[in-house]
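One structure is given here, and the rest of the page talks about it.
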Amino acid sequence: MLLELVYALFLLWMVARLLRRPGAGEADYLVAGRRLTLPGFVASLVTTWYGGILGVGEYGWSYGISSWFVFGFPYYLYAVVFALVLARRARRAEVLSPCDVLERAWGRPAALIGAAVLFAMTAPAAYVLMLGVMVELATGWPLWVGVILGTALSVGYVFRGGLRAIVATDQVQFVLMFLAFVILVPACVARFGGADWLVANLPDTHLDADGGLGWQAVAVWYAIAAATLTEPAFYQRCYAARDERTARRGILVAIGFWIVFDALTTTAGLYARAVVPDLAEPVAAFPALAGEVLPGFWLGLFTVGLLATIMSTIDSYSFLAAVTLGRDLWRRRMRPAGTLLGEEDVANLRPVRWALLLTAALAIVLALWSRSVVELWKVLGSLGTPVLLLPLLLAHLGRRADRPAGRRQVAIGMVAAGLVSGVWLVLGRGQAFLGVEAIFPGLLVSATWILPLVARRRR
């Protein structure tokens, strides 16, 4: 408990330090004044994308190396595409959020629809749930206590400091995140043995790429991973980067760190299944494994590393959701017709800060309602990706609709894609309906509706 207390005191110190800081304008609060350097860019992006660490453990314990083929490789592919195709364009756009790009290309209705979907996708319910589970395992407190206390600490420093505060804490959390698994995996190898021991003690399906689930169960995550091209954390860091080169290089360097970290977590997931095969709650696979192999001090350090990994994502996604709700949805809807949101003074941050509190409360409620981390990811990804992927990608590639009729049709296409995926999810009760996962019909509707509009515009 001592190390966990030290970590909590560090976060409280950050809150107290930022309360004394003078107010800042929107560009400073939302995108760190566009002065983010390469180390801060990489540390913040790497930690933000890994808050689902217990979900990775849950999947790895259940399905083995399939975890890498689901949560690793497809995301690297799309991240490379983002770095090579979109990163410089995003930095060059000089905007504060992806919804600004949607409005420039497709009009206000598309931007409002995009804001609503982005809010649903970034509200950090899955990560809040994981944080509550971690606090429950570490202290024995009820889940709801860990959820509320952890969320309050995660958003406390963001309320005042914005993206700068997130980047400052993420650089500490980056070190803790890697340290946790650099400790755990070698300890497992030393105690139990290497690859031969794992092969002898794992189910055969745990060494198959599909984990015994079939090709479509893996393929659906390659479609869901396309959400990387709409990932607001990527865009926000690119908007905040010091220059275009930092934006591109930052993502490519981050991919290298993700590959290393995935190798560690996939290996830990295999050891977890072999060491604790009768685990009642697979979401606790990593903490259970650490409890078996690490002594007191090292177990505490590993627990702090897991907490840091999760909280570094809660702060980022809570902030993104608050920006989406308070600025991109509320303020965009309330401003006069025909005007665009710009970089204005600190008074305009009030809706974002109120939205941050609302986002935290909503995340707590959703976390206590749903006990499956992976299921939350799948549902949100299946609904949001068809709505946002093509409009946002095409907008950053310079496509746009100048006529009101074309803009309306794009907005209608976004809604239609989301509705089709939603209905498909309901019909399948969250699973594949007629043998097809919900994301695929939504993407088909989006492509057949929106791409012809772009083709006509080009002609």
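FYI, it's all coordinate maths here, none of it is from the lab. Quick caveat: nothing in here was measured; it's all calculated off a predicted structure. In this analysis, Cβ positions are derived from the backbone assuming ideal geometry, glycine residues included, and neighbour counts consider all displayed protein chains.
For the chain, the dipole from Cβ point charges (+1 on Lys and Arg, -1 on Asp and Glu) about the Cα centre works out to 2440 debye, to the nearest 20. Farthest towards the positive end of the charge dipole of the chain, among the residues Gly406, Gly418, Leu36, is the Cα of Gly406, using unit charges on the Cβ of Lys, Arg, Asp and Glu. Only one residue of Phe159, Leu451, Ala268 has its Cα farthest out toward the positive end of the dipole of the chain, where Lys and Arg carry +1 and Asp and Glu -1 on Cβ, and that residue is Leu451. Dividing the mean sequence gap of close Cα pairs (under 8 Å, 6+ apart) by how many residues region 158-291 holds gives a relative contact order of 30 percent.
Which FRET efficiency value, to the nearest 0.05, is calculated for Arg245 and Ala200 with the Förster distance at 45 angstrom and r the Cβ-Cβ distance?
On the way: r = 49 Å, r/R0 = 1.09.
The pair Arg245/Ala200 has a calculated efficiency of 0.40.
Phi-derived couplings, Karplus 6.51 cos²θ - 1.76 cosθ + 1.60 at θ = phi - 60°, listed residue by residue for region 393-400: 5, 5, 5, 6, 8, x, 7, 7 Hz, with x used for Gly and Pro.
The peptide list 408-418, 205-215, 68-78, 380-390, put in order of mean Cβ contacts within 10 Å with the highest first, becomes 380-390, 408-418, 68-78, 205-215. Restricting the calculation to Cα atoms, the chain shows an Rg/Rh of 0.96 when the hydrodynamic-style radius is the Kirkwood one. For region 2-371, the relative contact order comes to 40 percent (Cα pairs under 8 Å, sequence separation of at least 6).
Using only Cα atoms and rounding to the nearest 10 degrees, what angle (0 to 90) does helix 350-369 make with the longest principal axis of the chain? Around 40 degrees separate the two axes. Once backbone amide H atoms are built at 1.01 Å from N, Glu281 has no partners under 5 Å, excluding neighbours fewer than 5 places away on the same chain. Our coupling estimate for region 83-99, obtained by passing each phi through the Karplus curve with A = 6.51, B = -1.76, C = 1.60 and θ = phi - 60°, is 4, 7, 9, 10, 4, 5, 4, 5, 5, 5, 5, 6, 10, 10, 7, x, 5 Hz, Gly and Pro reported as x. A straight chain from Trp354 to Phe73 at 0.36 nm per residue would run longer than the Cα-Cα distance by 97.4 nm. Hey, what angle do you get for helix 108-122 against the long axis of the chain, alpha-carbon based, 0 to 90 degrees rounded to 10? Helix 108-122 sits roughly 10 degrees off the main axis of the chain. Going by neighbour counts of Cβ atoms within 10 Å, the residues Arg164, Arg249 line up, fewest first, as Arg249, Arg164. Counting beta carbons within 10 Å around each of Ser67, Ser154, Ser62 and listing the fewest first gives the order Ser62, Ser67, Ser154. In the chain, the calculated helix contribution to ellipticity at 222 nm averages -24500 deg cm²/dmol per residue, counting -39,500 (n - 2.57) for every DSSP H run with n ≥ 4.
Here Trp330 and Thr37 are evaluated by their C-beta separation; at R0 = 51 Å the FRET efficiency comes out at 0.95. Applied to region 285-290, the Karplus parametrisation 6.51 cos²θ - 1.76 cosθ + 1.60 on θ = phi - 60° returns per-residue 3J(HN,Hα) values of 4, 5, x, 5, 5, 4 Hz, with x for Gly and Pro. Model label points for Ala190 and Trp215, set 7 angstrom from Cα along the Cα-to-Cβ axis, are 4.4 nm apart.
The dipole here belongs to region 212-306: it is taken about the Cα centre, uses +1 on the Cβ of Lys and Arg and -1 on the Cβ of Asp and Glu, and is about 420 debye.
Listing Val293, Val145 from fewest to most neighbouring C-beta atoms within 10 Å gives Val145, Val293. Measuring r between the beta carbons of Arg403 and Leu434 and using R0 = 45 Å, the FRET efficiency lands at 0.75. Segment Leu419..Val182, full-extension length gain: 80.9 nm, with 0.36 nm per residue of separation and the alpha-carbon distance subtracted.
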